[in-house]
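Please treat every number below as a calculation from the coordinates, not as lab data. Everything quoted here is computed from the prediction, not taken from an experiment. For neighbour counting, all protein chains shown are included, and Cβ atoms are generated from backbone atoms with ideal geometry for every residue, glycine included.
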Amino acid sequence: MTLIKSISGIRGTIGGNVSDNLTPIDIVKFTSAFCAMMQKRSDKKSIIIVVGRDARISGPILSSLVCSTLQAMGAEVVDLGLATTPTVEIAVPLEHAEAGIILTASHNPGQWNALKLLNHKGEFISAAEGKQMLDIAENNDFKYAFVDELGSITQKDYLQTHIKEILDLKLVDRKAIAEADFYVAVDAVNSSGGIYVPALLEALGVKRMELLYCEPNGKFPHNPEPLPEHLQDLSNLILEKKCDIGITVDPDVDRLAFVCEDGSMFGEEYTLVAVADYILENTPGNTVSNLSSTRALRDITESAGHTYEAAAVGEVNVVAKMKETNAVIGGEGNGGIIYPDAHYGRDALVGIALFLSHLAKKKLKASELRDGYPFYFISKNKIELQPNTNVDSVLERVQKIYANERVNTIDGVKIDFEKEWVHLRKSNTEPIIRIYAESETKEKADALAFKIMKEIQQLVS
């Protein structure tokens, strides 16, 4: 089964059997359920819903189905066409809309697509809202509009609006970026970033660019997740052309990673660290990331005299913790930057503008900036258990073993040691425990992860 119905959206592979894959019937059903939920909580005769998509090959078909379904439900649709996830997020409040739908499977391969669901603030819907939507879909608790009450579709281009919002941010220093005369290489994995990233760079005053995989045709030239093993072409281009920095984004442009001038990886985990460093230099305040992100963010936050807080994994959880703690910057270690002065959502475009401002003002090479931060390494592993294993019981027993350490149980079990940590999370669909461990070297991180894995094996044997 490759249809995943979660509280944050609907994701699956295109084609196949209804309810097993993401088929037209599934798309219509869940779109109808989401629209019905938003209609029930609104006192307006006709609600507004913003729709945008990434460049996946299935995108135009999904967009047509979603927009037509919303129109059939009596909603007014603002169709942004090819857009980024953060673009849809900022458009929802600007359009005074009740909701937003983004058609993207983020970093998943090209055969996948998804409906990401936003509330009236342009933020991901809550767990309670997600459950309500799934219940409505399960019970077919929705009805379509009569002919005189059908909705309309208005097409709008939000590219320049999004760029202007970024340029208006106080800490985005276009003058410093232009004067730095950066030579930038871009890998946009042939999706919407191929339009948005070069346009943003030009607006920031970057005159020299090398564009790699920037044709938004949805034909991903490599695995679209911005991990080091997928970025060798970008690294080679930087070395060949002697670029100052490489920028890569995922298909919907909410994750961001950099490659240094020497072809080495700046590190996806350190995207947030570098941007947070810049924000903290100019705006005193707290920071937030999820439990599986590098402790380097905590280090730089505490060294600046402020407080770091960890949230459960998931953007909606990070945003909630940021609001609770009045954080000035937050995000996730997967290259997700959430800057409240812009909006409460991961935004690679905002991250690019802030990072280049930081790099320009520091007058450092990218590798030199990276070397100025604490070095940590994360080891990512998983252990497969028998189908009848009580995974919750296993995690509770591990927690008891390390009761004398700092233990956080808001999302699985995270154990903080003096110089390292390990985070254990169970899968919601399989008898698997994912084990992330971070330490000062790769060898130490691997050793910590393997130690915990061995203890788990002993517990279940």
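Overview of results
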| read-out | value |
| --- | --- |
| Kirkwood-based shape ratio for the stretch 116-221, expressed as Rg/Rh from alpha carbons | 1.14 |
| Helix-only [θ]222 nm of the chain, DSSP H runs n ≥ 4, -39500 (n - 2.57) each, per residue, nearest 500 | -11500 deg cm²/dmol |
| Spin-label pair residue 223/residue 144, simplified geometry with 7 Å Cα→Cβ offset, distance in nm | 4.1 |
| Whole-number D in µm²/s for the stretch 1-158 (Stokes-Einstein; Kirkwood sum over Cα pairs; 4 °C, 1.567 mPa s) | 86 |
| Cross-link reach list, aspartates and glutamates versus residue 175, counting only Cα pairs under 14 Å and skipping chain neighbours closer than eight places | 202 |
| 19 Å cut-off, amide nitrogen to a point 7 angstrom out along residue 341 Cα→Cβ, residues in the stretch 264-283 | 271-283 |
| Hull-based mean projected area of the stretch 163-371, where the convex hull spans the alpha carbons, in square nanometres | 10.1 |
| Fewest-first ranking of 152, 367, 293, using other Cβ atoms within 10 Å as the exposure measure | 152, 367, 293 |
| Contact order normalised by residue count of the chain, Cα under 8 Å, 6+ apart, percent | 12 |
| The chain: antiparallel DSSP beta bridges as a percent of all, rounded to 5 | 55 |
| Added length on full extension, which subtracts the Cα-Cα distance from 0.36 nm per residue, residue 41 to residue 96 | 18.3 nm |
| Mean Kyte hydropathy of 0.0 or more with a Cα span along the axis of at least 20 Å, helices from DSSP in the chain | 24-40, 269-282, 348-362 |
| Lysines with Cα under 26 Å of residue 5, excluding same-chain neighbours fewer than 8 positions away | 29, 40, 116, 121, 131, 143, 219, 321, 380, 382, 426 |
| For the stretch 127-155 and the stretch 396-461, distance of Cα centres in Å | 42 |
| Label-to-label distance, nm, for residues given as residue 135 and residue 460 (7 Å Cα→Cβ offset) | 3.3 |
| For the chain, the Rg and Dmax computed from alpha carbons only, in angstrom | 22.2, 67 |
| Residues 167, 237, 204, sorted so that the one with the fewest Cβ neighbours within 10 Å comes first | 167, 237, 204 |
